[in-house]
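Below you will find the structure I want to go over with you.
The values are calculated or read from the model by the stated rules, or taken from the named source; none is laboratory data. Bear in mind the structure is a predicted one, so any value in this text is a computation, not a measurement. Reconstructed Cβ throughout: ideal geometry from the backbone, glycine too, with neighbour counts over all protein chains shown. The protein model used for the area step is the full one, side chains on, heavy atoms only, and it has no ligands, DNA or RNA in it. Shrake-Rupley method; radii C 1.70, N 1.55, O 1.52, S 1.80 Å.
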Amino acid sequence: NNTGQFDSAFKVNYCTYGCNYAVNLYAEHIIDSIQDPTSPWLVADSLSNTSLQLKWDSANNDRITYLIQWKYQDIASLWTYYQMPKPLNETSIIISDLHPYMTYLFRVVWVVTVKHTFPSPASFPITTLPSGVPSQSPSVIELTSPSHSTIYVSWKELDFTNGPLIHYRVSIIDVLAEQHTQFIKDISPNLLTYTFTSLKSQTLYEIHLSAGNADGQGPITLINMTTMSPPNDTNEAALLVASDDILYSALYEQLSEFPIPIKQVVNIPDGIIQAISVHYWKDLYYVSDNDGNIYVHVSMTNETNFIIYTGSDNITSLSVDWLNNLLYFVESYQILRCDLFGENVEILPINLTSIPSDLLVDPHNG
């Protein structure tokens, strides 16, 4: 009995080996006689918002059949077989069930056997016609309240817009207010962030996000966020005045006195002050001079200041990003930034044709 089972298994294995050998021999014979596949192309006047017709050069062997693969051009994706009942003998096919206003790549796969296939190069990118409102609502990446009066939101770029985007629409409403006044703003489709400002502290807000094209608005993303508590601000408001080499301060509440009490903050005896900036929340005072130095003075109670950066040219403008704790400055035809004490200096990739007369950073919107 065992001998019979062994003989049966041997016959099956031998038959399988023989079949595979025959298939490979057949494939080699066909492969030696065919040219390389060429890219498919779009048939004229066949393009619609959800379908198109492809055509390609036939193989120089009528035993070759064809399959079609597709992928998105602008979205990370793998080559996927277009669903069809069986491989084609024809050199043309109508592709349907596509997304409007989406760019695709196609290629033809020559089938010699199931194990011996040869894909063509990809077609030129083909974009279907626009139709309908966007299919997606914006997907939120980040939602935060960076201060007691602001809410920041960012979102992913939409994949299926169904047409050229005209804008993103952002709106906000005080959920608990007796009268629900909604703030609505349309922003550029190139922007993927927005900061709502002038809000009430410790207040629950409802935020709506949507995308719009020529056919209208797409579905809405709805999210809730509560603003932070108001800060405990004990700093006294001050007026800063600069001479050639000294930065002075005077408290607002003392401006009506005569003479006005003033305090020397920064003294640069060997240079001329070029620019001033302040980080209010950290009580940091920045001054640049004509020798390319940037000085920082740490708090009004400290009598010392020190150099945090020395450049090769005048530092003509300074601006503090208090939200991200960064210092921006203009040196000749370049805009640079660093942390609050001069570390991690980097040049921003901005092409300037003239030296800016002023620099102002928007912390909320970058």
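Could you tell me which residue of the range 303-317 is surrounded by the most Cβ atoms within 10 Å (Cβ to Cβ), considering only residues that are outside any strand (DSSP E or B) and in contact with a Gly (Cβ under 9 Å, 6 or more places away or on another chain)?
Step one: list which residues in the range 303-317 are outside any strand (DSSP E or B), which gives 303-304, 311-314.
Applying the additional criterion that residues be in contact with a Gly (Cβ under 9 Å, 6 or more places away or on another chain) yields 311-314.
Working: Gly311: 17, Ser312: 7, Asp313: 14, Asn314: 19.
Ranking the candidates gives Asn314 first.
Which ones in the range 78-112 are of a type in the set (Lys, Arg) and not in a strand (DSSP E or B)? Explain how you work it out, then say what you get.
The initial filter retains those residues of the range 78-112 that are of a type in the set (Lys, Arg), namely 86, 107.
Passing the criteria: only Lys86.
If I filter the range 158-166 for residues that are assigned to a loop (DSSP other than H, G, I, E, B), open to solvent by 60 Å² or more (accessible area, probe 1.4 Å) and touching a residue at least 60 places away in the same chain (Cβ under 8 Å), do I get at least one hit? Give the steps one after another, and end with the answer.
Taking the range 158-166 first, the residues assigned to a loop (DSSP other than H, G, I, E, B) are 158-164.
This time we only want the ones that are open to solvent by 60 Å² or more (accessible area, probe 1.4 Å), so: 159, 164.
Pick out the ones that are also touching a residue at least 60 places away in the same chain (Cβ under 8 Å) and you get 159, 164.
Yes, that holds for at least one residue.
Starting from residues that are among the aliphatic types (A, V, I, L, M) and in contact with an Asp or Glu (Cβ under 6 Å, 6 or more places away or on another chain), keep the ones in the range 156-180 and report whichever is farthest from Val133 (Cα to Cα).
From the range 156-180, those among the aliphatic types (A, V, I, L, M) are 158, 165-166, 170, 172-173, 175-177; that's our starting set.
This time we only want the ones that are in contact with an Asp or Glu (Cβ under 6 Å, 6 or more places away or on another chain), so: 173, 175.
Values: Ile173: 24, Val175: 28 Å.
Applying the filter and picking the extreme gives Val175.
Next up: If I ask for residues that are within 19 Å of the chain's Cα centre (by Cα), surrounded by fewer than 16 Cβ atoms within 10 Å (Cβ to Cβ) and of a type in the set (A, V, I, L, M), which ones from the range 167-226 would you list?
Result: Ile187, Leu191.
Looking only at residues in the range 113-128 that are in contact with a Leu (Cβ under 7 Å, 6 or more places away or on another chain) and in a loop (DSSP other than H, G, I, E, B), which one is surrounded by the fewest Cβ atoms within 10 Å (Cβ to Cβ)?
Initially, the range 113-128 is screened for residues in contact with a Leu (Cβ under 7 Å, 6 or more places away or on another chain), giving 122-123, 125-126, 128.
Filter again for in a loop (DSSP other than H, G, I, E, B), leaving 122-123, 125, 128.
Values: Ala122: 17, Ser123: 18, Pro125: 12, Thr128: 20.
This residue is Pro125.
Okay, moving on. Tell me, please, whether a residue that is part of a loop (DSSP other than H, G, I, E, B), without any contact (Cβ under 8 Å) to a residue 40 or more places away in the chain and under 30 Å from Phe106 (Cβ atoms) can be found in the range 136-144.
Step one: filter the range 136-144 for residues part of a loop (DSSP other than H, G, I, E, B), giving 136-139.
From what's left, without any contact (Cβ under 8 Å) to a residue 40 or more places away in the chain: none.
The answer is no, given that none of the residues of the range 136-144 is part of a loop (DSSP other than H, G, I, E, B), without any contact (Cβ under 8 Å) to a residue 40 or more places away in the chain and under 30 Å from Phe106 (Cβ atoms).
The rows are residues; the columns are (1) surrounded by 12 or more Cβ atoms within 10 Å (Cβ to Cβ); (2) modelled with pLDDT under 80; (3) part of a loop (DSSP other than H, G, I, E, B).
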position	(1), (2), (3)
Pro230	yes, yes, yes
Glu257	no, yes, yes
Pro269	no, yes, yes
Asp291	yes, no, yes
Tyr295	yes, no, no
Thr301	no, yes, yes
Ser319	yes, no, no
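Is it the case, given these coordinates, that Gln53 is modelled with pLDDT of 95 or more and of a type outside the set (Val, Ile, Thr)? Walk me through it before giving the result.
Details: modelled with pLDDT of 95 or more: yes; of a type outside the set (Val, Ile, Thr): yes.
Criteria met by Gln53.
If you don't mind, another one. Assuming Ser131 fulfils every condition listed in (1) at pLDDT 95 or above; (2) closer than 30 Å to Ile64 by Cα; (3) surrounded by fewer than 16 Cβ atoms within 10 Å (Cβ to Cβ) apart from one, which condition is it?
Failed condition: (2).
Another one. When you go through Glu331, Glu346 one by one, which is the residue that is within 34 Å of the chain's Cα centre (by Cα) and either at pLDDT below 85 or surrounded by fewer than 12 Cβ atoms within 10 Å (Cβ to Cβ) (or both)? I'd like the intermediate steps shown before the answer.
On the way: Glu331 fails: either at pLDDT below 85 or surrounded by fewer than 12 Cβ atoms within 10 Å (Cβ to Cβ) (or both).
Exactly one of Glu331, Glu346 is within 34 Å of the chain's Cα centre (by Cα) and either at pLDDT below 85 or surrounded by fewer than 12 Cβ atoms within 10 Å (Cβ to Cβ) (or both), namely Glu346.
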